[in-house]
Amino acid sequence: MTVPGVQHVARLLEDAARTRTPLSPQAELPDLDLAEAYAVQRVLVGNRESLGDPRVGVKLGFTSTAKMRQMGVDDVIVGALTARMRVREGGRIDRSLLIHPRVEPEIAFRLSRDVDPADPRADLVSALDAVAPAVELIDSRFSGFAFDLPRVVA
């Protein structure tokens, strides 16, 4: 996919979120491979950062075998978390701003320093600073909560 194509998909996803109008995944978006989906994700996160919403963490998806089977995938996916995605304990979420809200229980790991997960010598355990229960609020941009792996990544 060309850079304009990646920008177009990112714009469609941003518009869906802004207007709270779900997209038909097959009708409105071109087919994406995983590399293109991550390119779209980089554009979306970059747009957030340019509006003063810095990255604060990383989100891993499909980390359990059961979830991978349920979703028909065979690999973990990675996404960026930004400051505005965080809701402190006791905070409120305006559900009218969401399309298809769902919640999932999660485990949050806080690291005391940056670690390169691609580095085979990286010691994640020594970098672990805290572990806490968390709740993930997911909001699909797609009608019927129907999507494939690249669309989840994007």
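All of L23, L29, L51 fail the test of being modelled with pLDDT of 90 or more, more than 23 Å from E106 (Cα to Cα) and among the aliphatic types (A, V, I, L, M), apart from L51. The residue that is surrounded by the most Cβ atoms within 10 Å (Cβ to Cβ), counting only those in region 1-22 that are among the β-branched types (V, I, T) and assigned to a helix (DSSP H, G or I), is V9. Search region 58-89 for residues being assigned to a loop (DSSP other than H, G, I, E, B) and open to solvent by 60 Å² or more (accessible area, probe 1.4 Å), and hand back the single one that is nearest to E104 (Cα to Cα). The extreme case among them is T63.
Among the residues of region 26-42, what is the count of those that are assigned to a helix (DSSP H, G or I) and either in contact (Cβ under 8 Å) with a residue 60 or more places away in the chain or open to solvent by less than 30 Å² (accessible area, probe 1.4 Å) (or both)? Talk me through it step by step, then tell me what you get.
In the first step, residues of region 26-42 are kept if they are assigned to a helix (DSSP H, G or I); the result is 26-28, 34-42.
If we keep only those that are either in contact (Cβ under 8 Å) with a residue 60 or more places away in the chain or open to solvent by less than 30 Å² (accessible area, probe 1.4 Å) (or both) as well, we get 34, 36-41.
So the count comes out to 7.
The values are calculated or read from the model by the stated rules, or taken from the named source; none is laboratory data. Since this is a predicted model, take the numbers as computed values, not measurements. Don't worry about glycine lacking a Cβ; one is built from the backbone with ideal geometry, like all the others, and counts go over all protein chains shown. Protein only, heavy atoms only, side chains kept; ligands, DNA and RNA dropped before computing areas. Shrake-Rupley method; radii C 1.70, N 1.55, O 1.52, S 1.80 Å.
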